[in-house]
Amino acid sequence: MNIFCKQRSKQILQSKAGLLALIIPLAGCGGSPPQETTGRAATENDSSRATQPLSSQTSQRSEQKSYFTINSDGNLVRPTGFREWVYVGTPLTPNELNPPEAPFPEFHNVYVDPDSWSHFKATGEFRDGTIIVKELATVGANAAVSGNGFFMGDFRGLEATIKSAQYFPDEPGNWAYFSFGHDYPLAETAEAFPTAACNACHAASAATDFVFTQYYPVLRARSASVVPGPVVMDFNSRAELQNAMLAATSAIGEPRAETGTSPGEVPTELDALFEYLNDKEYENFAARESALHPSRGPHANFGSPVRVFMSDNVAASLEAGNDFHPVGSSIVKEMYEDDGETLQGWAVMVKTQSDSDGGNGWFWYEVTSTTDPTALGGGEAGNGIPLCTSCHGSGSDYVLTKFPLE
Ligand code: HEC
Ligand code: HEC
């Protein structure tokens, strides 16, 4: 995972503070009560902040202004005044339905800046320059005089997404995603997350241009074709969804489960595996792609030549269209330099238990060297690497290669 992962790991390092801010509440669960929950209402009503005009290239109507500020480091300054923007809906993911704690706890109050709202109302599209904020709040009580239910408690964090061709020309849809943490005081600025952490799920499942309009009745009203349910649900179970959310909010290159012992012929112990790969023992597999083809994934770069070899059991399972593949399913992907001759490494998947368990049942390894087993392609070697499972979660039991093999 060359360019792709180098950029990514750089971004991950850069966003460490942001990730930590997200991990702490996940690990601490509960933690200290957010402060300044009432005092903040006054300060956030200051909607005159962050009103820099967009560049003339992106601003189509002169009265449209920008409601966000990107500072000189390229980071988003925490938006204020958003509680006076247009409120579009409140998805609720109570912790009790997502134990021990929902990735984004619990009420999600979503606001769109007023000019982008006007534009959306008129066109059904999000203008370049849109900012959408999601402010989190806890469930404070489960009963009131009106009945049993979920009643808002304290504020519990702030996320935002921005569509900007000027600032994020390389992000899908030009949308970048930010978190100011789930603990108070919130961070003053936030770095954009790597694409795979947030944007990938929005790309897969959101109804309108990466935005989950299906869950916001105010926006949904604009288009009869947007229905309240999931529009494209690439995630087969809540476990997988939670898995992908965790990928967004935890160390995405580290294993989440014990490294399984290999039940098949491809070893999961690092030295033995590297020797196996160098000896090309996987050439025993009858199921294989007939020739190199340009990679459709980040292995090692999008477009560079790759070739996949599969154990018989996984090939038979794919052939049968099974939802889950058997223990011992093993796949090796050769990754070549652009010359199509020099091998530059391998990506490997081995299913070490029958329960896929949100990707934890698969062992993952990618190496971008034929001499150094520790030249990793992004993630560590191990079971349940969120970096790998977040993308592969949309495959057939995590397998993404086109079948029948080309
Ligand atoms: C597994 C899928 C998934 C991942 C990963 C994900 N989101 Fe979302 N996001 C959702 C869903 C579903 C909604 C709407 C419902 C809700 O809020 O629960 C949403 C809504 C949002 C919204 C409100 C605007 C909109 O597009 O609907 C923001 C802002 C947001 N997410 C930020 C983030 C950030 C920041 C990350 C990465 C740290 C992230 N999301 C990762 C699924 C995801
Ligand atoms: C950005 C999305 C993405 C990420 C992240 C990702 N992959 Fe993949 N992977 C793909 C796609 C797409 C394919 C199929 C590509 C093709 O056919 O050219 C693939 C194919 C593979 C294959 C061949 C078997 C199969 O599932 O099709 C292996 C093995 C593999 N990836 C391993 C890994 C490992 C290990 C990681 C983590 C270090 C990882 N992948 C991370 C998108 C991704």
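The values are calculated or read from the model by the stated rules, or taken from the named source; none is laboratory data. Treat the numbers as computed from the prediction; the structure is a model and nothing was measured. Cβ placement follows ideal geometry from the backbone for every residue including glycine, while neighbour counts extend to all protein chains displayed.
Some points to look at:
- Scanning region 85-104 for residues that are over 22 Å from the mean Cα position of the chain (by Cα) and buried (at least 21 other Cβ atoms within 10 Å of the Cβ) returns 85, 88.
- Filtered by the rule that a residue be under 19 Å from residue 262 (Cβ atoms) and not aliphatic (A, V, I, L, M), region 375-386 gives 379, 380, 382, 383, 384.
- Matching residues in region 290-306 - criterion: being crowded, with 18+ Cβ neighbours inside 10 Å and either part of a strand (DSSP E or B) or within 9 Å of ligand 2 (Cβ to nearest atom) (or both): 295, 298, 299, 305, 306
- Residue under evaluation residue 96, criteria (1) outside any strand (DSSP E or B); (2) charged (D, E, K, R); (3) modelled with pLDDT of 95 or more, criterion not met: (3)
- Residue pairs meeting the criteria (Cβ under 6 Å; at least 6 apart or on separate chains; first farther than 14 Å from residue 308 by Cβ, in region 341-359; second within 16 Å of ligand 1 (Cβ to nearest atom) and aliphatic (A, V, I, L, M)): 358/239
One line per residue, one yes/no per condition, for (1) more than 23 Å from the chain's Cα centre (by Cα); (2) in a loop (DSSP other than H, G, I, E, B):
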position: 309; (1), (2): yes, no
position: 322; (1), (2): yes, yes
position: 328; (1), (2): yes, yes
position: 335; (1), (2): yes, no
position: 358; (1), (2): no, no
position: 373; (1), (2): yes, yes
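- If you go through region 360-371 and pick out every residue that is buried (at least 21 other Cβ atoms within 10 Å of the Cβ) and either more than 26 Å from the chain's Cα centre (by Cα) or closer than 24 Å to residue 318 by Cβ (or both), you end up with 7.
- Candidates are the residues of region 372-406 that are within 8 Å of ligand 2 (Cβ to nearest atom) and more than 29 Å from residue 319 (Cβ to Cβ); the one that is surrounded by the fewest Cβ atoms within 10 Å (Cβ to Cβ) is 376.
- Top-ranked residue of region 307-354 - restricted to ones that are among the polar types (S, T, N, Q) and surrounded by 15 or more Cβ atoms within 10 Å (Cβ to Cβ), ranked as farthest from ligand 2 (Cβ to nearest atom): 353
- Sub-6 Å Cβ pairs linking a first residue in region 385-397 that is farther than 14 Å from residue 365 by Cα to a second residue that is within 6 Å of ligand 2 (Cβ to nearest atom), at least 6 apart or interchain, are 390/196, ordered by first then second residue.
- Options 345, 382: the member that is closer than 21 Å to residue 294 by Cα, more than 16 Å from ligand 1 (Cβ to nearest atom) and of a type in the set (Gly, Ala, Ser): 345
- Cβ-Cβ under 7 Å pairs, at least 6 apart or on other chains, region 169-187 side assigned by TED's automatic domain parsing to the domain that holds residue 104 and within 14 Å of residue 135 (Cβ to Cβ), far side modelled with pLDDT of 95 or more and among the acidic types (Asp, Glu): 178/159; 179/159
Quick grid of which residues meet (1) more than 13 Å from residue 68 (Cα to Cα); (2) hydrophobic (A, V, I, L, M, F, W, C); (3) surrounded by 21 or more Cβ atoms within 10 Å (Cβ to Cβ):
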position	(1), (2), (3)
130	no, no, yes
133	no, yes, yes
140	yes, no, no
143	yes, yes, no
146	yes, no, no
151	yes, yes, no
154	yes, no, no
160	no, yes, yes
165	yes, yes, no
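- Residues of region 105-126 that turn out to be crowded, with 19+ Cβ neighbours inside 10 Å and more than 19 Å from residue 149 (Cα to Cα), as a count: 10
- Consider region 182-195 and keep the residues that are under 19 Å from residue 80 (Cβ atoms) and modelled with pLDDT under 90. The one that is surrounded by the fewest Cβ atoms within 10 Å (Cβ to Cβ) is 183.
- All positions within region 105-127 that are under 19 Å from residue 77 (Cβ atoms) and not β-branched (Val, Ile, Thr): 111, 113, 114, 115, 116
- Strands (runs of 3 or more DSSP E) contained in region 108-221 and holding at least 1 residues β-branched (Val, Ile, Thr) and within 12 Å of ligand 1 (Cβ to nearest atom): 131-144, 147-163
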